[in-house]
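The values are calculated or read from the model by the stated rules, or taken from the named source; none is laboratory data. Keep in mind it's a predicted model, so treat the numbers as computed, not measured. Here Cβ is always computed from backbone atoms with ideal geometry, including for glycine, and neighbour counts include all displayed protein chains.
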Amino acid sequence: MNNQRPGDTNANAAKRNMTNPLLAVEDLKMYFPVYGGVMRRKVAQVFAVDGVSFKIRAGETLGLVGESGCGKTTVGRTLLRLYRPTGGQVHFDGQNMMTLDRAALQAIRRDMQIIFQDPFESLNARQTIQEILEEPFRIHRIGSSEERRQRVQQLLERVGLPGNSLIRFPHEFSGGQRQRIGIARAIALEPRLVICDEPVSALDVSIQSQIINLLLELQREMGLTYLFIAHDLAVVKHISDHIAVMYLGRIVEYAASDVLYREPRHPYTQALISAIPVADPDVRKKRQVLTGDVPSPITPPSGCHFRTRCPYAIDRCRNEVPALRPTPGTGNSAHLAACHRMEEIDASG
(Lines give C-alpha, C1' and ligand atoms only; values in the text may rest on other atoms or scores of the structure.)
Protein backbone atom coordinates (compact mmCIF):
# COMPACT_ATOMS: atom_id res chain seq x y z
CA MET A 1 0.00 0.00 0.00
CA ASN A 2 1.35 3.41 -0.93
CA ASN A 3 -0.12 6.49 0.71
CA GLN A 4 2.68 8.86 -0.29
CA ARG A 5 2.00 11.84 -2.53
CA PRO A 6 3.31 11.24 -6.08
CA GLY A 7 7.06 11.79 -6.26
CA ASP A 8 7.30 12.98 -2.66
CA THR A 9 8.37 11.73 0.77
CA ASN A 10 8.29 13.34 4.17
CA ALA A 11 12.08 13.49 4.25
CA ASN A 12 12.22 15.21 0.85
CA ALA A 13 9.47 17.62 1.84
CA ALA A 14 11.37 18.50 5.01
CA LYS A 15 14.54 19.28 3.06
CA ARG A 16 12.62 21.28 0.47
CA ASN A 17 10.95 23.48 3.06
CA MET A 18 13.80 24.13 5.51
CA THR A 19 14.05 27.75 4.35
CA ASN A 20 10.31 28.41 4.62
CA PRO A 21 8.05 27.66 7.55
CA LEU A 22 5.85 24.61 7.24
CA LEU A 23 3.39 26.20 9.67
CA ALA A 24 2.88 29.96 10.02
CA VAL A 25 0.44 31.28 12.61
CA GLU A 26 -0.42 34.98 12.74
CA ASP A 27 -2.51 36.73 15.39
CA LEU A 28 -4.57 33.61 16.13
CA LYS A 29 -7.58 34.22 18.36
CA MET A 30 -10.05 31.76 19.83
CA TYR A 31 -12.84 33.14 22.02
CA PHE A 32 -15.56 30.92 23.45
CA PRO A 33 -18.99 32.42 24.23
CA VAL A 34 -20.44 32.16 27.73
CA TYR A 35 -24.23 31.91 27.88
CA GLY A 36 -26.47 32.70 30.83
CA GLY A 37 -29.93 33.67 31.92
CA VAL A 38 -33.28 32.15 31.12
CA MET A 39 -32.93 32.97 27.42
CA ARG A 40 -29.38 31.55 27.29
CA ARG A 41 -27.99 34.74 25.81
CA LYS A 42 -24.30 35.46 25.39
CA VAL A 43 -23.17 37.27 28.54
CA ALA A 44 -19.38 37.03 28.22
CA GLN A 45 -16.61 35.25 26.39
CA VAL A 46 -13.52 33.26 27.31
CA PHE A 47 -10.36 34.70 25.79
CA ALA A 48 -8.71 31.30 25.43
CA VAL A 49 -6.23 32.35 22.72
CA ASP A 50 -5.66 36.06 22.32
CA GLY A 51 -3.37 36.97 19.42
CA VAL A 52 -0.80 34.15 19.14
CA SER A 53 1.84 34.19 16.37
CA PHE A 54 4.69 31.78 15.61
CA LYS A 55 6.33 29.75 12.84
CA ILE A 56 7.67 26.21 12.64
CA ARG A 57 10.08 25.05 9.97
CA ALA A 58 9.81 21.55 8.53
CA GLY A 59 11.58 18.91 10.59
CA GLU A 60 11.78 21.07 13.72
CA THR A 61 9.99 21.02 17.06
CA LEU A 62 8.39 24.01 18.73
CA GLY A 63 7.66 23.54 22.41
CA LEU A 64 4.58 25.41 23.66
CA VAL A 65 4.61 25.67 27.45
CA GLY A 66 2.70 27.33 30.26
CA GLU A 67 0.47 26.66 33.23
CA SER A 68 -2.73 24.66 32.89
CA GLY A 69 -5.51 26.79 31.42
CA CYS A 70 -3.25 29.19 29.52
CA GLY A 71 -4.64 28.12 26.12
CA LYS A 72 -1.97 25.69 24.87
CA THR A 73 -4.35 22.87 23.96
CA THR A 74 -6.79 25.33 22.38
CA VAL A 75 -3.99 26.55 20.11
CA GLY A 76 -3.27 23.00 18.94
CA ARG A 77 -6.89 22.15 18.26
CA THR A 78 -7.56 25.43 16.52
CA LEU A 79 -4.62 24.86 14.19
CA LEU A 80 -6.25 21.60 13.11
CA ARG A 81 -9.58 23.40 12.63
CA LEU A 82 -11.21 21.28 15.32
CA TYR A 83 -12.30 24.73 16.48
CA ARG A 84 -13.16 27.52 14.06
CA PRO A 85 -10.96 30.44 15.14
CA THR A 86 -12.36 33.83 16.04
CA GLY A 87 -9.59 35.55 14.11
CA GLY A 88 -6.11 35.28 12.70
CA GLN A 89 -4.38 33.32 9.96
CA VAL A 90 -2.95 29.79 9.82
CA HIS A 91 -0.89 28.79 6.78
CA PHE A 92 0.22 25.19 6.36
CA ASP A 93 2.76 24.68 3.58
CA GLY A 94 1.52 27.89 1.97
CA GLN A 95 -2.19 27.02 2.16
CA ASN A 96 -4.54 29.19 4.19
CA MET A 97 -6.28 26.77 6.59
CA MET A 98 -8.99 29.32 7.32
CA THR A 99 -10.36 29.33 3.77
CA LEU A 100 -10.42 25.59 3.05
CA ASP A 101 -13.77 23.92 2.44
CA ARG A 102 -14.67 20.58 4.03
CA ALA A 103 -13.23 18.40 1.24
CA ALA A 104 -9.94 20.30 1.08
CA LEU A 105 -9.69 20.26 4.87
CA GLN A 106 -10.11 16.48 5.01
CA ALA A 107 -7.40 16.06 2.39
CA ILE A 108 -4.90 18.26 4.22
CA ARG A 109 -5.57 16.47 7.50
CA ARG A 110 -3.56 13.55 6.17
CA ASP A 111 -0.59 15.85 6.72
CA MET A 112 -1.72 17.14 10.14
CA GLN A 113 -2.36 14.78 13.03
CA ILE A 114 -2.60 14.94 16.82
CA ILE A 115 -1.48 12.87 19.80
CA PHE A 116 -3.87 13.46 22.69
CA GLN A 117 -2.94 13.88 26.33
CA ASP A 118 -4.98 11.05 27.83
CA PRO A 119 -4.07 7.77 26.12
CA PHE A 120 -7.14 6.04 27.55
CA GLU A 121 -9.87 8.58 26.84
CA SER A 122 -8.61 9.14 23.29
CA LEU A 123 -8.96 5.46 22.31
CA ASN A 124 -12.34 3.83 21.65
CA ALA A 125 -12.75 1.27 24.43
CA ARG A 126 -15.09 -0.84 22.25
CA GLN A 127 -12.67 -1.23 19.37
CA THR A 128 -9.72 -3.57 19.08
CA ILE A 129 -6.32 -2.09 18.35
CA GLN A 130 -6.59 -3.29 14.78
CA GLU A 131 -9.87 -1.43 14.31
CA ILE A 132 -8.45 1.72 15.91
CA LEU A 133 -5.35 1.78 13.72
CA GLU A 134 -7.23 0.86 10.54
CA GLU A 135 -9.65 3.75 10.95
CA PRO A 136 -7.41 6.45 9.35
CA PHE A 137 -6.99 4.25 6.27
CA ARG A 138 -10.73 3.60 6.05
CA ILE A 139 -11.58 7.29 6.37
CA HIS A 140 -9.19 8.22 3.58
CA ARG A 141 -10.02 5.09 1.53
CA ILE A 142 -6.45 3.83 1.42
CA GLY A 143 -5.59 0.21 0.60
CA SER A 144 -7.46 -3.08 0.67
CA SER A 145 -8.42 -4.93 3.83
CA GLU A 146 -5.27 -7.06 3.68
CA GLU A 147 -3.03 -4.07 2.94
CA ARG A 148 -4.49 -2.23 5.92
CA ARG A 149 -3.83 -5.19 8.18
CA GLN A 150 -0.22 -5.36 7.04
CA ARG A 151 0.21 -1.63 7.55
CA VAL A 152 -1.24 -1.85 11.07
CA GLN A 153 1.19 -4.67 11.87
CA GLN A 154 4.06 -2.47 10.69
CA LEU A 155 2.82 0.43 12.81
CA LEU A 156 2.79 -1.74 15.94
CA GLU A 157 6.36 -2.84 15.29
CA ARG A 158 7.41 0.74 14.66
CA VAL A 159 6.18 1.94 18.06
CA GLY A 160 7.52 -1.10 19.93
CA LEU A 161 4.36 -3.14 20.57
CA PRO A 162 4.01 -6.92 20.06
CA GLY A 163 2.15 -8.27 17.04
CA ASN A 164 -0.49 -10.01 19.18
CA SER A 165 -1.78 -6.56 20.22
CA LEU A 166 -4.10 -6.48 17.20
CA ILE A 167 -6.97 -8.36 18.80
CA ARG A 168 -6.71 -6.74 22.22
CA PHE A 169 -8.62 -3.77 23.62
CA PRO A 170 -7.21 -0.52 25.07
CA HIS A 171 -7.95 -1.46 28.69
CA GLU A 172 -5.60 -4.43 28.38
CA PHE A 173 -2.57 -2.15 27.99
CA SER A 174 -0.58 0.03 30.38
CA GLY A 175 -0.65 3.81 30.08
CA GLY A 176 2.65 3.89 28.22
CA GLN A 177 1.52 1.20 25.80
CA ARG A 178 -1.76 3.03 25.16
CA GLN A 179 0.18 6.17 24.32
CA ARG A 180 2.28 4.17 21.86
CA ILE A 181 -0.99 3.14 20.21
CA GLY A 182 -2.01 6.79 20.05
CA ILE A 183 1.32 7.63 18.43
CA ALA A 184 0.90 4.79 15.94
CA ARG A 185 -2.52 6.15 14.97
CA ALA A 186 -1.07 9.67 14.56
CA ILE A 187 1.71 8.54 12.19
CA ALA A 188 -0.42 6.02 10.27
CA LEU A 189 -0.91 8.32 7.26
CA GLU A 190 2.70 9.54 7.42
CA PRO A 191 1.82 13.16 8.22
CA ARG A 192 4.17 16.11 8.05
CA LEU A 193 2.98 17.92 11.20
CA VAL A 194 2.02 16.27 14.49
CA ILE A 195 0.44 18.21 17.37
CA CYS A 196 1.68 16.53 20.56
CA ASP A 197 -0.84 17.65 23.20
CA GLU A 198 0.94 16.89 26.49
CA PRO A 199 1.68 13.33 25.34
CA VAL A 200 3.66 12.37 28.46
CA SER A 201 1.99 14.33 31.27
CA ALA A 202 -0.36 11.44 32.16
CA LEU A 203 2.49 8.89 32.29
CA ASP A 204 4.89 7.79 35.01
CA VAL A 205 8.25 9.54 35.00
CA SER A 206 9.98 6.25 34.16
CA ILE A 207 7.86 5.94 31.00
CA GLN A 208 8.07 9.56 29.89
CA SER A 209 11.65 9.29 28.64
CA GLN A 210 10.77 6.21 26.58
CA ILE A 211 7.94 8.05 24.82
CA ILE A 212 10.13 11.13 24.25
CA ASN A 213 12.85 8.94 22.73
CA LEU A 214 10.26 7.25 20.50
CA LEU A 215 9.02 10.62 19.25
CA LEU A 216 12.58 11.76 18.51
CA GLU A 217 13.31 8.53 16.66
CA LEU A 218 10.17 8.86 14.54
CA GLN A 219 11.04 12.46 13.79
CA ARG A 220 14.45 11.46 12.47
CA GLU A 221 13.06 8.59 10.39
CA MET A 222 10.03 10.35 8.94
CA GLY A 223 11.08 14.00 8.85
CA LEU A 224 8.20 14.94 11.17
CA THR A 225 7.51 18.44 12.42
CA TYR A 226 6.18 18.73 15.99
CA LEU A 227 4.24 21.27 17.98
CA PHE A 228 4.97 19.86 21.44
CA ILE A 229 2.53 21.16 24.05
CA ALA A 230 3.44 20.73 27.72
CA HIS A 231 3.44 22.42 31.10
CA ASP A 232 6.76 20.89 32.18
CA LEU A 233 9.74 22.90 30.95
CA ALA A 234 12.13 20.12 31.93
CA VAL A 235 10.44 17.75 29.46
CA VAL A 236 10.21 20.31 26.66
CA LYS A 237 13.92 21.14 26.89
CA HIS A 238 14.98 17.72 25.59
CA ILE A 239 12.80 17.64 22.49
CA SER A 240 12.38 21.25 21.31
CA ASP A 241 14.42 23.36 18.90
CA HIS A 242 12.53 26.49 19.94
CA ILE A 243 10.19 27.21 22.84
CA ALA A 244 7.23 29.58 23.12
CA VAL A 245 5.98 30.41 26.62
CA MET A 246 2.27 31.15 26.99
CA TYR A 247 0.42 32.96 29.73
CA LEU A 248 -3.34 33.51 29.71
CA GLY A 249 -3.79 33.21 25.96
CA ARG A 250 -0.69 35.11 24.85
CA ILE A 251 2.92 34.23 24.06
CA VAL A 252 5.18 36.10 26.46
CA GLU A 253 8.58 34.75 25.34
CA TYR A 254 10.05 32.91 22.37
CA ALA A 255 13.61 31.66 21.89
CA ALA A 256 15.81 28.75 20.93
CA SER A 257 15.67 26.06 23.60
CA ASP A 258 19.18 26.52 24.99
CA VAL A 259 18.88 30.33 24.95
CA LEU A 260 15.59 30.33 26.81
CA TYR A 261 16.96 28.20 29.64
CA ARG A 262 20.21 30.16 29.83
CA GLU A 263 18.82 33.70 29.55
CA PRO A 264 15.07 33.91 30.29
CA ARG A 265 13.97 37.54 29.97
CA HIS A 266 10.30 37.46 30.97
CA PRO A 267 9.49 37.25 34.70
CA TYR A 268 7.01 34.45 34.09
CA THR A 269 9.58 32.35 32.20
CA GLN A 270 12.11 32.97 34.97
CA ALA A 271 9.61 31.70 37.56
CA LEU A 272 8.86 28.58 35.53
CA ILE A 273 12.54 27.74 35.05
CA SER A 274 13.31 28.34 38.73
CA ALA A 275 10.72 25.66 39.58
CA ILE A 276 12.57 22.93 37.64
CA PRO A 277 14.09 20.55 40.22
CA VAL A 278 17.84 19.92 40.14
CA ALA A 279 18.98 16.30 40.50
CA ASP A 280 21.71 17.19 42.96
CA PRO A 281 21.07 17.39 46.73
CA ASP A 282 24.08 19.67 47.20
CA VAL A 283 22.77 22.35 44.81
CA ARG A 284 20.53 24.99 46.36
CA LYS A 285 18.44 26.64 43.70
CA LYS A 286 16.78 30.00 44.30
CA ARG A 287 13.07 29.57 43.68
CA GLN A 288 10.94 32.44 42.39
CA VAL A 289 7.48 31.86 43.81
CA LEU A 290 4.60 33.58 42.06
CA THR A 291 1.97 35.13 44.29
CA GLY A 292 -1.75 35.08 43.64
CA ASP A 293 -3.81 32.93 41.31
CA VAL A 294 -4.04 32.88 37.53
CA PRO A 295 -6.72 35.42 36.54
CA SER A 296 -9.87 34.27 34.82
CA PRO A 297 -9.65 34.18 31.00
CA ILE A 298 -13.17 35.64 30.99
CA THR A 299 -11.96 38.87 32.63
CA PRO A 300 -8.20 39.00 32.04
CA PRO A 301 -6.25 41.96 33.47
CA SER A 302 -5.83 45.03 31.31
CA GLY A 303 -2.49 45.73 29.69
CA CYS A 304 -0.06 42.95 30.53
CA HIS A 305 -1.99 39.87 31.64
CA PHE A 306 0.86 38.87 33.95
CA ARG A 307 1.01 42.17 35.87
CA THR A 308 -1.17 40.98 38.78
CA ARG A 309 1.50 38.40 39.71
CA CYS A 310 4.63 40.17 38.50
CA PRO A 311 7.11 41.65 41.01
CA TYR A 312 8.28 44.20 38.41
CA ALA A 313 4.84 45.58 37.45
CA ILE A 314 4.44 49.36 37.05
CA ASP A 315 1.58 51.62 35.93
CA ARG A 316 2.57 51.18 32.29
CA CYS A 317 1.92 47.45 32.61
CA ARG A 318 -1.67 48.21 33.60
CA ASN A 319 -2.37 50.52 30.70
CA GLU A 320 -0.37 49.16 27.76
CA VAL A 321 -0.15 45.68 26.21
CA PRO A 322 3.56 44.80 25.87
CA ALA A 323 4.66 43.88 22.36
CA LEU A 324 6.61 40.69 21.68
CA ARG A 325 9.94 42.28 20.72
CA PRO A 326 13.63 41.38 20.45
CA THR A 327 15.46 41.11 23.75
CA PRO A 328 18.49 43.33 24.48
CA GLY A 329 21.58 42.22 22.60
CA THR A 330 19.79 40.19 19.91
CA GLY A 331 18.39 42.82 17.57
CA ASN A 332 16.40 40.23 15.63
CA SER A 333 13.62 37.68 16.05
CA ALA A 334 15.87 35.01 17.58
CA HIS A 335 14.78 35.83 21.13
CA LEU A 336 11.54 37.69 21.79
CA ALA A 337 9.84 38.72 25.02
CA ALA A 338 6.70 40.69 25.86
CA CYS A 339 7.77 42.80 28.83
CA HIS A 340 8.02 46.57 29.20
CA ARG A 341 10.92 46.30 31.65
CA MET A 342 12.98 43.41 30.27
CA GLU A 343 16.02 45.70 29.81
CA GLU A 344 16.04 46.17 33.60
CA ILE A 345 15.50 42.51 34.51
CA ASP A 346 18.49 40.27 35.13
CA ALA A 347 18.62 37.71 32.30
CA SER A 348 19.93 35.05 34.69
CA GLY A 349 16.64 35.13 36.52
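Observations on the structure shown:
- Selection count where residues are farther than 18 Å from Met30 by Cβ and touching a Lys or Arg at 6+ places or on another chain (Cβ under 7 Å), scope the stretch 44-57: 0
- Of the residues making up the stretch 323-340, those that are under 13 Å from Val252 (Cα atoms) and in contact (Cβ under 8 Å) with a residue 40 or more places away in the chain number 7.
- In a residue-by-residue description of the stretch 98-114, the property of being among the aliphatic types (A, V, I, L, M), in a strand (DSSP E or B) and at negative phi applies to at least one position.
- Filter result (small (Gly, Ala, Ser) and under 22 Å from Gly329 (Cβ atoms)) within the stretch 241-270: Ala244, Ala255, Ala256, Ser257
- Filter result for Ala230 (of a type outside the set (S, T, N, Q), under 17 Å from Glu131 (Cβ atoms), crowded, with 16+ Cβ neighbours inside 10 Å and modelled with pLDDT of 90 or more): no
- Here the condition is being of a type in the set (Ser, Thr, Tyr) and in contact with a helix residue (DSSP H, G or I) (Cβ under 8 Å, 6 or more places away or on another chain); of Ser145, Ser122, it holds for Ser122 alone.
- Of the residues making up the stretch 116-138, none is within 19 Å of Ala24 (Cβ to Cβ), touching a strand residue (DSSP E or B) at 6+ places or on another chain (Cβ under 9 Å) and crowded, with 20+ Cβ neighbours inside 10 Å.
- In the set (1) closer than 29 Å to Thr61 by Cβ; (2) assigned to a loop (DSSP other than H, G, I, E, B); (3) not polar (S, T, N, Q), Asp258 fails one condition alone, (2).
- Test: Ser209 is in contact with a Ser or Thr (Cβ under 6 Å, 6 or more places away or on another chain), of a type in the set (S, T, N, Q) and modelled with pLDDT under 95: no
- Any hit, the stretch 327-349, residues being surrounded by 10 or more Cβ atoms within 10 Å (Cβ to Cβ), at pLDDT below 75 and closer than 19 Å to Gly66 by Cβ: yes
- The C-beta contact set for the stretch 149-162 (first residue in a helix (DSSP H, G or I), second residue among the aromatic types (Phe, Trp, Tyr) and crowded, with 18+ Cβ neighbours inside 10 Å, distance under 9 angstrom, 6+ apart or interchain) comprises Arg151/Phe137; Val152/Phe137.
- Ile142, sole failed condition from (1) among the aliphatic types (A, V, I, L, M); (2) crowded, with 18+ Cβ neighbours inside 10 Å; (3) more than 23 Å from Arg109 (Cβ to Cβ): (3)
- Glu253 being buried (at least 20 other Cβ atoms within 10 Å of the Cβ) and among the acidic types (Asp, Glu): yes
- Pairs linking a residue in the stretch 284-305 that is on the phi > 0 side of the Ramachandran plot to a residue that is in a loop (DSSP other than H, G, I, E, B) and hydrophobic (A, V, I, L, M, F, W, C), with Cβ atoms under 6 Å and 6 or more positions apart or on different chains, are Gly303/Val321.
- Evaluation of Glu217 against the conditions (1) at pLDDT 95 or above; (2) under 17 Å from the mean Cα position of the chain (by Cα) shows that the sole unmet condition is (2).
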